[in-house]
Amino acid sequence: MPEVAIEVKNLKKYFRNGDGTVKAVDDVSFHINKGEIVGLVGESGSGKTTLARTILGLTKITDGAVIFDGVDMGKATHKQMKELRHKVSVVFQDPAANLNPRETVLSSITRPLILQGMSKKEAKGKAEEALKLVKMDSEYLYSYPHQLSGGQLQRIAIARAVAIQPQVMILDEPTSALDISVQAQILNLLLELQEKLNLTYLVITHDLNVIRYISDRVAVMYLGRLVEYGPTEEVIGNPRHPYTQGLMAALPILNPRDRDKKKDMMVTEPGSLIDLPKGCHFHPRCPYATEACREAFPENVQITPEYQVACYLQQKN
Ligand SMILES: Nc1ncnc2c1ncn2[C@@H]1O[C@H](COP(=O)(O)OP(=O)(O)OP(=O)(O)O)[C@@H](O)[C@H]1O
Ligand SMILES: [Mg+2]
């Protein structure tokens, strides 16, 4: 049995706004194994970033649990919480969100280390090591963000994230702001670091090519729900949830016979988190919807311990 790095149980994150309640993350359950690279996909607004922020402890959980290395974050003591913060780090899409424009690279990387209680000298040594890991010369320690290219900024953001020696890294669209050629370099760097440092990744991306390239498993979100989560090859090559089927059909590589039907499905208006339908969130767009789908959201069906699908079609099989 693989060891579990993060377990998410019936996680909910609701926001209140003028129109009512936005159920950005609703009853999401899944786990990530140690050393695994998990890709998280889904249309804009499906709740991917909110899920990541909730796992990171950056926003309060509405209900449910995030269990990190055996510790329930909702019940963690102050001391445990402090330890957890070192075990998981984050890289955002926007370099501006990762780095303070008025700070040198050195102080961006060392500040979290000094906060952890490290001496300035030791922290500088760690920053130098981190730059080496991302293949940048140590002279860049004295640069400011505006002096660096997009690819360099993302390398620095990665250096900053690995410098705290985390077990898990959450990467929210780490390459989508970059040129294609630079994207590949950053992905290869991430793969290399994962292996070298024995890291676990949760990578959020719109780009299925990124998923295919780097992830062991892929998780698919639709309007706040996790609808399918399993081995990348199976989820991409032979998706089980009708939403995933539609998503994959948007790629030109899939079975040409089915493509037109599935494309039709995806051109209908995406649903809204505000007026969620009763039952399965996807049923208004789903060509296979039955009465059951209109009544209640389907439970997860475990195809294997590492593969889950929330769809009534799977329950019948
Ligand atoms: N702080 C907040 N207050 C109110 N609503 C929020 C807040 N953060 C997110 N939301 C809402 O939660 C929903 C999910 O947003 P989220 O940013 O998690 O989606 P996403 O899948 O990351 O989208 P994208 O692919 O565009 O980054 C959206 O409807 C968004 O408006
Ligand atoms: Mg997002």
Touching a strand residue (DSSP E or B) at 6+ places or on another chain (Cβ under 9 Å) and among the polar types (S, T, N, Q), is that true of Gln245? no
Need the failing condition index for Leu178 against (1) part of a loop (DSSP other than H, G, I, E, B); (2) in contact with an Asp or Glu (Cβ under 9 Å, 6 or more places away or on another chain); (3) open to solvent by 10 Å² or more (accessible area, probe 1.4 Å), just the number. (2)
Report, by residue number, each residue of region 42-51 that is modelled with pLDDT of 95 or more and more than 6 Å from ligand 1 (Cβ to nearest atom). Leu51
Extreme residue, least open to solvent (accessible area, probe 1.4 Å), among residues of region 276-302 that are outside any loop (DSSP other than H, G, I, E, B) and among the acidic types (Asp, Glu): Glu295
Residues satisfying the stated conditions in region 28-52, i.e. more than 10 Å from ligand 2 (Cβ to nearest atom), part of a strand (DSSP E or B) and crowded, with 21+ Cβ neighbours inside 10 Å: Val28, Ile32, Ile37, Val38, Gly39, Val41
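On the basis of being in contact (Cβ under 8 Å) with a residue 12 or more places away in the chain, farther than 21 Å from Asn198 by Cβ, touching a helix residue (DSSP H, G or I) at 6+ places or on another chain (Cβ under 9 Å) and β-branched (Val, Ile, Thr), does Thr62 make the cut?
On the way: in contact (Cβ under 8 Å) with a residue 12 or more places away in the chain: yes; farther than 21 Å from Asn198 by Cβ: yes; touching a helix residue (DSSP H, G or I) at 6+ places or on another chain (Cβ under 9 Å): yes; β-branched (Val, Ile, Thr): yes.
Spelling it out, Thr62 is indeed in contact (Cβ under 8 Å) with a residue 12 or more places away in the chain, farther than 21 Å from Asn198 by Cβ, touching a helix residue (DSSP H, G or I) at 6+ places or on another chain (Cβ under 9 Å) and β-branched (Val, Ile, Thr).
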Note down all Cβ pairs under 7 Å where the first residue falls in region 81-107 and is free of Cβ contacts under 8 Å to residues at least 40 places away in the same chain, the second is open to solvent by less than 50 Å² (accessible area, probe 1.4 Å), and they're at least six residues apart or on different chains. Leu84/Phe68; Leu84/Val71; Leu84/Met73; Leu84/Ala76; Leu106/Ala127; Leu106/Leu141
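Of all residues in region 2-27, how many are within 15 Å of ligand 2 (Cβ to nearest atom) and surrounded by 16 or more Cβ atoms within 10 Å (Cβ to Cβ)? Lay out the reasoning, then the answer.
Here is the first cut: in region 2-27, the ones within 15 Å of ligand 2 (Cβ to nearest atom) are 13, 15, 22, 24-25.
The next check asks that each one be surrounded by 16 or more Cβ atoms within 10 Å (Cβ to Cβ); those that pass are 13, 22, 24-25.
So the answer is 4.
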Qualifying position, being within 16 Å of ligand 1 (Cβ to nearest atom) and either crowded, with 17+ Cβ neighbours inside 10 Å or at negative phi (or both), among Thr59, Thr77: Thr59
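Looking at this structure, is Leu58 out of contact with any Ser or Thr (no Cβ under 9 Å at 6 or more places or on another chain), under 16 Å from Val91 (Cβ atoms), part of a helix (DSSP H, G or I) and within 16 Å of ligand 2 (Cβ to nearest atom)? Please lay out each step first, then the result.
Numbers: out of contact with any Ser or Thr (no Cβ under 9 Å at 6 or more places or on another chain): yes; under 16 Å from Val91 (Cβ atoms): yes; part of a helix (DSSP H, G or I): no; within 16 Å of ligand 2 (Cβ to nearest atom): yes.
No; evaluated as a whole, the condition is false for this residue.
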Qualifying residue in region 185-194 (condition: modelled with pLDDT of 95 or more, in a helix (DSSP H, G or I), touching a strand residue (DSSP E or B) at 6+ places or on another chain (Cβ under 9 Å) and buried (at least 22 other Cβ atoms within 10 Å of the Cβ)): yes
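The values are calculated or read from the model by the stated rules, or taken from the named source; none is laboratory data. All of these numbers come straight from a predicted model, not from anything done at the bench. Glycine also receives a Cβ, built like all others from the backbone with ideal geometry; neighbour counts cover every protein chain displayed. To get the accessible areas, we keep the full protein, side chains included, count just its heavy atoms, and leave off ligands, DNA and RNA. Shrake-Rupley method; radii C 1.70, N 1.55, O 1.52, S 1.80 Å.
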